[in-house]
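The values are calculated or read from the model by the stated rules, or taken from the named source; none is laboratory data. The shown structure was predicted, so the numbers you read here are calculated from the model rather than taken from an experiment. Cβ sites come from the backbone with ideal geometry, for glycine too, and all protein chains shown count toward neighbours. Heavy atoms of the whole protein, side chains included, go into the accessibility calculation; ligands, DNA and RNA do not. Shrake-Rupley method; radii C 1.70, N 1.55, O 1.52, S 1.80 Å.
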Amino acid sequence: MSAPQAEPLVVIYHGAGCHLCERALAQVRSLQAELGFALEEVAIDGDPELEARDRELIPVVEIDGEQVFTYHVHEEAFRRRVSAG
């Protein structure tokens, strides 16, 4: 018998005043109950390391530690990635 799989962890890096971030956050939040994943929202504002790494790419979406989307969340691809985890 196999152990139950842990739910996938989705992390969204976002910034203040970023309309693409707002759209991505709304999209992912709306899918959370349906697909069953943990969600962590990380504001990069004021964090020099995150600002340097992600400012030009936000929103950045990671699933289980792997960067899978920047700028836009492609819903069908997101569903596949979360379901495969």
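Computed from phi, the 3J(HN,Hα) profile of the stretch 60-76 under the Karplus parametrisation 6.51, -1.76, 1.60 (θ = phi - 60°) reads 10, 10, 10, 10, 6, x, 9, 5, 10, 9, 9, 6, 9, 9, 8, 4, 5 Hz, with x in place of Gly and Pro.
Residues whose amide H comes within less than 5 Å of that of A43, counting only those at least five positions distant or on another chain, are H14 (H built at 1.01 Å from N in the peptide plane). Ligands, DNA and RNA are left out, and with a 1.4 angstrom probe the accessible area of the chain is 61 Å² per residue. The 3J(HN,Hα) values that the Karplus relation (6.51, -1.76, 1.60; θ = phi - 60°) gives for the stretch 27-37 are, in residue order, 4, 5, 4, 5, 8, 4, 5, 5, 9, x, 9 Hz. Gly and Pro appear as x.
Based on the Kirkwood approach, the hydrodynamic radius assigned to the stretch 1-51 is 12.5 Å, with every pair of different Cα atoms included. Choose one of L39, F78, C21: the residue whose Cα lies farthest towards the positive end of the charge dipole of the chain (beta-carbon charges +1 Lys, Arg; -1 Asp, Glu; about the Cα centre). Result: F78. V28 contributes an accessible area of around 0 Å² to the protein surface, as traced by a 1.4 Å probe with all chains present.
Give me Rg/Rg_expected for the chain, where Rg uses Cα atoms only and Rg_expected = 2.2 N^0.38 Å with N residues.
Here the answer is 1.11, to two decimals.
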